[in-house]
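The structure under discussion appears below in the form of structure tokens.
The values are calculated or read from the model by the stated rules, or taken from the named source; none is laboratory data. Here the structure is a predicted model, which is why all the values come from computation and not from measurement. All Cβ positions, even for glycine, are placed from backbone atoms using ideal geometry, and neighbour counts span all protein chains on display.
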Amino acid sequence: MLRLEDVTVRFGGLVALKDVSFAMGAGEILGLVGPNGAGKTTLFNTISGLVRPRSGNILFEEREIGGMALHARARLGLGRTFQIPQPMHHLTVRENLTVAQVFGAGKSDPARIDEILQVMELAEHAERDAATELALQELKRLEIAKALATNPRLLLLDEVLAGLESQAKRRFIAKLRELHQRYGLTIVIVEHDIETISTLCSRAVVLNFGQVIADGAPDDVFRNPAVVESYTGTADA
Amino acid sequence: MVVKNLPGILLALAACLIPLVYGGNGYIMGLMVSGLIVAGVALAWALLGNLGGMVSFGHAAFFGVGAYASALLSAKAGLPVPLSLLAGGAVAALSSLAMLPALRLSGPYFALAILAYAHIFKILATELSWLTGGSAGFARFPVLPTIAGIDFSSRIGSYWLLVVMVGLCLLAYRAVKASHVGTALRAMAESEDATRVVGVNATLLKAWMLLLSAFITGLFGAMNAHIINFLEPDYAFSGTWSVLPIIAAIFGGYRTILGPVAGAVAIYLFDQLVAKAILPVGHQIILGVLLAGMILIAPNGLFGLFGKKKTGAAHAAA
Ligand SMILES: Nc1ncnc2c1ncn2[C@@H]1O[C@H](COP(=O)(O)OP(=O)(O)O)[C@@H](O)[C@H]1O
Ligand SMILES: [Mg+2]
């Protein structure tokens, strides 16, 4: 489904990602963890096309996409959310989804938009101005809804669970499982909470200072001394 | 429905009444014809600014290219004038392709690039004198034809042609704005990454808007050429064709669809009838003062006053 080969990203003198390699199969839910500043968002930016890697390959369904434009990758079936929600300004919630569907999925299907609005619990906000009339958690759900409207096969979720108290979080985890099933998704999720990763993901990849320091079953990964060390005191930062 | 379309209905009514009242007055009808030419360019300029997010100081280029293309194609290739007018628009659109690399430039740099670009065409029209007659001008090309008994080369005939063409362009503009493309372009103005990341090819959509805007401008340049029936580079590529539409669009409200059109006719008539009487030389300075006052008093333009304020959005509906 997705394969990264020695992906390196630099911002001036800063090496944000260094020789990052991992592969994942269709249908997997992979947890991407690591302290703040480790390069998780940068990795998403690189896969989705906002950031160009200095070197390395990015393969999506066996196809090299490293040189492709942002919009072209979305059309291939690569959806993502932004850690800091980025609604399309001057558009209602429904218009946000419609633009995502028409241009990302290449079709217009209002019934499916209604379904996504329902699933993401945004139906009552459909006609609101997305940028000015939504609360933060609604904006985060809109991030996912927009990505879903493009009909993705791979979904990159950047800290969509942050800020939820435990009961809401459990409900949201169930929601993500439902999406995973219903839409046949492959998911990479950035999340700090170890328990969440352990319940939701079959696998975890740990980044630290731009490098992969562990990759495997969540329970094994979180017992790895290097991971524990990188995490101590920073997990909630 | 009627209330929402009221400004449009009133404008259409005014357009029909004017020839009834002033039909016999060649001077006024001539001014109306020129005002409508400016209106077409102002509409095209506002379309590019409003939908494409690009401020152009170079629409004179498209205007002049459309004018010369239609004049040359009708005179030298024998193309019937109705077709040569469309060809004028098409060649202007084609010439805008050379601007595509500039689409990646941000605001002020795009404005400067298109300004330079306009100048290049003026130089070309002057230097290619074997084709265009150079700075001596070009006059031997057909006037607007008579079709179905309507003599479009008469003042009244030209007037109706322009009213219909402005009307068609208004409808086209409205259709694009209301389409999914229009919605995506609206989003792009302030959230380019968020819009591209869901699959919108921002550069392509902007390019379409540039093409459409150039086509409309070239079409009006072509119609103007056949109405005036004389072309010289200094006239066809005059900076006036860049500046007057901007003043008109801002005056009428460039965020609205009707504003630039109403603004153009109002500004042109004001300039010719009032400003010229007060200051025969340098009367454009009065336009500048008027524009400055307008921006201070009603920054959304005359027609912006009709638009209901949407929360957070500066996009007034019209
Ligand atoms: N566009 C950018 N320009 C410069 N530095 C950046 C940019 N994006 C991220 N960085 C830097 O790259 C590092 C990784 O950041 P990020 O990927 O946001 O980390 P994470 O998401 O894991 O918290 C940080 O040091 C950050 O400051
Ligand atoms: Mg991050």
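Values computed for the structure shown
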read-out: Near pairs, Cβ below 6 angstrom, 6+ apart or cross-chain, from the range A:80-93 (more than 7 Å from chain B (Cβ to nearest Cβ) and touching a residue at least 24 places away in the same chain (Cβ under 8 Å)) to any residue that is small (Gly, Ala, Ser) and surrounded by fewer than 22 Cβ atoms within 10 Å (Cβ to Cβ); value: A:93/A:126
read-out: Wholly enclosed helices (runs of 4 or more DSSP H) of the range B:169-250 bearing at least 2 residues within 14 Å of another protein chain (Cβ to nearest Cβ) and touching a His at 6+ places or on another chain (Cβ under 9 Å); value: B:180-188, B:192-196, B:202-228
read-out: Restricting the range A:128-162 to residues that are outside any loop (DSSP other than H, G, I, E, B) and more than 14 Å from the chain's Cα centre (by Cα), the residue that is farthest from the other protein chains (Cβ to nearest Cβ); value: A:137
read-out: Pairs, first exposed (fewer than 14 other Cβ atoms within 10 Å of the Cβ) in the range A:122-141, second part of a helix (DSSP H, G or I) and not β-branched (Val, Ile, Thr), C-beta under 9 Å, six or more apart; value: A:124/A:117; A:127/A:94
read-out: Complete set of residues in the range A:10-41 that are crowded, with 22+ Cβ neighbours inside 10 Å, within 23 Å of residue A:76 (Cα to Cα) and either within 14 Å of chain B (Cβ to nearest Cβ) or near ligand 1 (Cβ under 9 Å from one of its atoms) (or both); value: A:32, A:40
read-out: From A:166, A:108, residue being within 14 Å of chain B (Cβ to nearest Cβ) and surrounded by fewer than 17 Cβ atoms within 10 Å (Cβ to Cβ); value: A:108
read-out: Exclusive hit being more than 14 Å from chain B (Cβ to nearest Cβ) and within 16 Å of ligand 1 (Cβ to nearest atom), set A:213, A:173; value: A:213
read-out: Cβ pairs under 7 Å, 6+ apart, first in the range A:30-47 and free of Cβ contacts under 8 Å to residues at least 24 places away in the same chain, second within 8 Å of ligand 1 (Cβ to nearest atom) and assigned to a loop (DSSP other than H, G, I, E, B); value: A:45/A:51
read-out: Failed item in (1) modelled with pLDDT of 85 or more; (2) touching a Ser or Thr at 6+ places or on another chain (Cβ under 9 Å); (3) in a helix (DSSP H, G or I), with residue B:142 passing the rest; value: (3)
read-out: Qualifying residue in the range A:49-72 (condition: under 17 Å from residue A:189 (Cβ atoms) and within 16 Å of ligand 2 (Cβ to nearest atom)); value: no
read-out: Flag for residue A:213 being touching an Asp or Glu at 6+ places or on another chain (Cβ under 7 Å) and of a type in the set (A, V, I, L, M, F, W, C); value: no
read-out: Criterion (modelled with pLDDT under 95, in contact with a helix residue (DSSP H, G or I) (Cβ under 6 Å, 6 or more places away or on another chain) and within 16 Å of ligand 2 (Cβ to nearest atom)) met by exactly one of A:161, A:156; value: A:161
read-out: Scan of the range B:171-203 for residues that are under 22 Å from the mean Cα position of the chain (by Cα) and surrounded by fewer than 23 Cβ atoms within 10 Å (Cβ to Cβ), ordered by number; value: B:171, B:172, B:174, B:175, B:176, B:177, B:178, B:179, B:181, B:182, B:189
read-out: Test set (1) at pLDDT 85 or above; (2) in contact with a Gly (Cβ under 7 Å, 6 or more places away or on another chain); (3) more than 14 Å from every other protein chain (Cβ to nearest Cβ) - residue B:255 fails condition number; value: (3)
read-out: Qualifying residue in the range B:248-266 (condition: free of Cβ contacts under 8 Å to residues at least 60 places away in the same chain and surrounded by 21 or more Cβ atoms within 10 Å (Cβ to Cβ)); value: yes
